Ligand code: SF4
């Protein structure tokens, strides 16, 4: 039972989160991403090991009783959670027992063109889907997907899903050196994401030892990529371990022109601005020349 539930994990963004693993026994995925934290495994279109819904619900009930004050239930898997064949029934049952607790799903996005998957995802409070590339050749190189998965189906499925929901849709993009870090790939992503208009884009890179011999890109490169996205898109850099920048001094005009080009998160400000510049930013907040906005748990500073 304890394998199905993991945590609680405390995060500034989501609060106290309990993870639900829909494939605790083995990796079951329709992708074989070069950056996966799990060992490489043969891709599949359906789970071969399927837990009964009742077993997952019993584990969730026990964990909720034990921990009491959980803010979010995060549905995930050793692999891809939306391949779980009873997802709709499971989500309905979770919604019946979760009380005020929110739900979040972390999916690789590959199944979003399936109406049954969309039906289940519509019942989840926050949906986070991955999209590493907007072209078929790039997707194949980085996510090494199961036969039959196409980027066009994924993109259309995301657009259809977005049109059906008012709830937050977050897109996660993971950048790998030498694969999807070329400006033309970022431009293709930008063009699609402008059309999709997700609530937020989380831009990151490899964090833990990957399945294959691939490398992360630097924080500075991620920051440069954020500038290739349209300023109307809320892009949040999620990975700062690779940062080598030293905090710099910014004048009032430099702060305003930087934020005009692209809103920055509180974490970016911490890395890029020295103490004096951070104090200047606070003054600009007081005079409302800069505003602070919150986007699904992430604070952005921007020009009003
Ligand atoms: S989708 Fe997730 S679990 Fe599947 S291979 Fe990629 S990183 Fe690993």
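Which of 95, 286, 108 moves the most in a Gaussian network model of the chain with Cα springs under 10 Å?
286
Given all pairs of different Cα atoms, what value in angstroms does the Kirkwood hydrodynamic radius of the chain take?
Evaluated on the chain, it is 20.4 Å.
Any chance you could run the full-extension gain for residue 294 through residue 95? It's 0.36 nm times the residue separation minus the Cα-Cα distance, nm to one decimal.
Using 0.36 nm per residue and subtracting the Cα-Cα distance, I get 69.0 nm.
Take the chain, connect every pair of alpha-carbon atoms lying under 10 Å apart with a spring to form a Gaussian network, then pick out the residue of 249, 213, 188 with the largest mean-square fluctuation.
Highest fluctuation of the listed residues: 213.
Can you tell me the orientation of helix 183-196 relative to the chain, as the angle in degrees between its alpha-carbon axis and the longest Cα principal axis, to the nearest 10?
Computed tilt is about 70 degrees.
Quick one: compute the contact order of the chain, relative version, from alpha carbon pairs under 8 angstrom and 6+ residues apart, as a percent.
RCO, the chain: 15 percent.
For region 245-304, rounded, prolate or oblate, judged on the Cα gyration tensor with a ≥ b ≥ c (square roots of eigenvalues), a/c < 1.5 rounded, else prolate if a/b > b/c?
oblate
Counting only the backbone N, which residues of region 211-238 are under 15 Å from the spot 7 Å out from the Cα of residue 9 toward its beta-carbon?
Flagged as within label range: 238.
What shape does region 28-77 have by the C-alpha gyration tensor, where a ≥ b ≥ c are the square roots of the eigenvalues, rounded means a/c under 1.5, and otherwise prolate means a/b greater than b/c and oblate the rest?
Taking the square roots of the gyration eigenvalues as a ≥ b ≥ c, region 28-77 is oblate.
Going 7 Å from the Cα of residue 194 along its beta-carbon direction, which residues of region 133-152 have the amide nitrogen within less than 12 Å of the resulting point?
The answer is none.
Before anything else, pin down the relative contact order of region 245-304: Cα pairs under 8 Å, at least 6 apart, normalised by residue count, whole percent.
After rounding, I find 40 percent.
Extension gain residue 88-residue 152, at 0.36 nm per residue separation less the Cα-Cα distance, in nm?
That works out to 20.6 nm of additional length.
In degrees, nearest 10, range 0 to 90: what is the angle between the Cα axis of helix 275-286 and the longest Cα principal axis of the chain?
Orientation of helix 275-286: about 80 degrees from the principal axis.
Would you mind checking the tilt of helix 87-97 against the longest principal axis of the Cα atoms of the chain, expressed as 0 to 90 degrees and rounded to 10?
Here the helix axis deviates by roughly 80 degrees.
Multiplying the sequence separation of residue 220 and residue 122 by 0.36 nm and subtracting their Cα-Cα distance, what value in nm do you get?
In short, 31.7 nm is gained.
If I build a Gaussian network model for the chain, linking alpha-carbon pairs within less than 10 angstrom, which residue out of 245, 45, 197 has the largest mean-square fluctuation?
Comparing 245, 45, 197 in a Gaussian network model of the chain, the most mobile one is 245.
What does a probe at residue 182 reach in region 142-158, counting residues whose amide N is under 16 Å from the point 7 Å along Cα→Cβ?
The answer is 142-143, whose backbone nitrogens lie closer than 16 Å to the label point.
Assign one of three labels to region 1-51, namely rounded, prolate or oblate, based on the Cα gyration tensor with a ≥ b ≥ c the square roots of its eigenvalues; rounded applies when a/c is under 1.5, prolate when it is not and a/b is larger than b/c, and oblate otherwise.
oblate
Coordinate-derived values only; no laboratory data. The shown structure was predicted, so the numbers you read here are calculated from the model rather than taken from an experiment. Cβ atoms come from the backbone with ideal geometry, glycine included; neighbour counts cover every protein chain shown.
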